[in-house]
Amino acid sequence: MRARYGVPLTLTAVGAAGLAYAAGFEVRSFRLRRVTVPVLPRGMRPLRVLQVSDIHMVSGQRKKQRWLQSLAGLRPDFVINTGDNLSDTEGVPETLDALGPLMEFPGAYVFGSNDYYGPKLRNPARYLIERAQGRHGLNGNAPAVGVVHNPWEELRDAFDAAGWVGLSNSRGRLKLEGIEIALTGLDDPHIKRDRYAEVAGGPESGADLSLAVVHAPYLRSLDAFTADGYPLILAGHTHGGQLCIPFYGALVTNCDIDTDRVKGLSTHTAAGHTSFLHVSAGCGTNRYTPVRFACPPEATLLTLTARD
């Protein structure tokens, strides 16, 4: 009797405990990642950039709101928001409340698919199947039908009113006490809204630093930015894999980037050029899969320093 039922019962208990941890603790265990990136011209003072991503705000997430508000205490030089702020059509006011203190700093943003469209309930195993078949988002899948449209225009208007620069298939600049940062961004490649031809040409002359920003780190976007010579690309979207295996890592990335670069700082090479790439694991989840395992929610403070 023990041999017949002991192992299944043990596995069931371990699985239940893991699910309880993933849904009850880790998904609310917010962390700050700190990264140093040597991309500035020699002699330039360090710059501190706060990257927030994949908030996926749902009404009532008070702890997440308070944690995002507290990040203003870091006093960054500027803020980059790499999209997917919403997971609830009613979540705009709480998102803006959470980001309000950060909107006092210079900043820029791109949107992700979940800013435009509400989430849909789907089997998580489909991510594994789509990865095996090379299908991601609308890049190989059929167009979304019957989707809920989020009030993203309200987010855009509030960000613009705060002075944040919108970078959806466009360029912009931030001025920081004598330092000028040129920014080039794309709309979300995950739903084929990226139009690189509209922003091609590489870093701008006259700027002290040029950065590239995109929500989903699809290879076509990374290749284009890198080939054009951008020293640093900032992205989100992947949730760091969200459900990871300890001592192994992520199983999926929800795009065509490899799992070794699903989060954190790495590099990307294309056309003889190499760029730094930082992918944020984000601080939220789709409202229908509110779990994280071996991949805590995060924001990142990047300290940009002079090149060696």
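The values are calculated or read from the model by the stated rules, or taken from the named source; none is laboratory data. This one's a predicted model, so the numbers in the text were calculated from it and none came from an experiment. Counting neighbours? That spans all protein chains shown, and the Cβs are built from the backbone with ideal geometry, glycine included. When the accessible area is computed, the model is the full protein with side chains, heavy atoms only, and any ligands, DNA or RNA have been set aside. Shrake-Rupley method; radii C 1.70, N 1.55, O 1.52, S 1.80 Å.
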Output the number of residues of the range 221-254 satisfying the condition of being in a loop (DSSP other than H, G, I, E, B), under 26 Å from Phe293 (Cα atoms) and open to solvent by 20 Å² or more (accessible area, probe 1.4 Å). 7
Just to check your reading of the model, which residue among Tyr218, Tyr196 is under 26 Å from Val252 (Cβ atoms), touching a residue at least 24 places away in the same chain (Cβ under 8 Å) and open to solvent by 10 Å² or more (accessible area, probe 1.4 Å)? Tyr196
Would you please name the residue that is modelled with the lowest pLDDT, looking only at residues in the range 111-127 that are surrounded by fewer than 24 Cβ atoms within 10 Å (Cβ to Cβ) and of a type in the set (A, V, I, L, M, F, W, C)? Ala125
Test: residue in the range 65-80 that is assigned to a loop (DSSP other than H, G, I, E, B) and charged (D, E, K, R): yes
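Table: residues versus (1) acidic (Asp, Glu); (2) under 20 Å from Leu174 (Cβ atoms); (3) crowded, with 17+ Cβ neighbours inside 10 Å.
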| position | (1), (2), (3) |
| --- | --- |
| Gln69 | no, no, no |
| Ile80 | no, yes, yes |
| Thr89 | no, no, no |
| Pro93 | no, no, no |
| Leu96 | no, no, yes |
Within the range 157-166, the count of residues that are touching an Asp or Glu at 6+ places or on another chain (Cβ under 9 Å) and not in a strand (DSSP E or B) comes to 1
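What number of residues in the range 33-43 are in contact with a strand residue (DSSP E or B) (Cβ under 6 Å, 6 or more places away or on another chain), of a type outside the set (Lys, Arg) and either open to solvent by 20 Å² or more (accessible area, probe 1.4 Å) or farther than 21 Å from Ala207 by Cα (or both)?
3
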Note down all Cβ pairs under 8 Å where the first residue falls in the range 291-308 and is over 25 Å from Gly73 (Cβ atoms), the second is of a type in the set (D, E, K, R) and open to solvent by 10 Å² or more (accessible area, probe 1.4 Å), and they're at least six residues apart or on different chains. Ala306/Arg42; Arg307/Arg42
If we only count helices (runs of 4 or more DSSP H) wholly inside the range 84-156, which ones have 3 or more residues that are in contact with a helix residue (DSSP H, G or I) (Cβ under 6 Å, 6 or more places away or on another chain)? 92-99, 113-116
Any residue at all in the range 222-235 that's out of contact with any helix residue (DSSP H, G or I) (no Cβ under 7 Å at 6 or more places or on another chain), under 24 Å from His56 (Cβ atoms) and among the β-branched types (Val, Ile, Thr)? no
Exception for Ala108 within (1) modelled with pLDDT under 95; (2) among the aliphatic types (A, V, I, L, M); (3) in contact with a strand residue (DSSP E or B) (Cβ under 6 Å, 6 or more places away or on another chain) falls at (1)
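Each row is one residue, and each column tells you yes or no for (1) among the hydroxyl-bearing types (Ser, Thr, Tyr); (2) under 14 Å from the mean Cα position of the chain (by Cα); (3) crowded, with 21+ Cβ neighbours inside 10 Å; (4) part of a loop (DSSP other than H, G, I, E, B).
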position: Asp260; (1), (2), (3), (4): no, no, no, no
position: Leu265; (1), (2), (3), (4): no, yes, no, no
position: His278; (1), (2), (3), (4): no, yes, yes, no
position: Cys295; (1), (2), (3), (4): no, yes, yes, yes
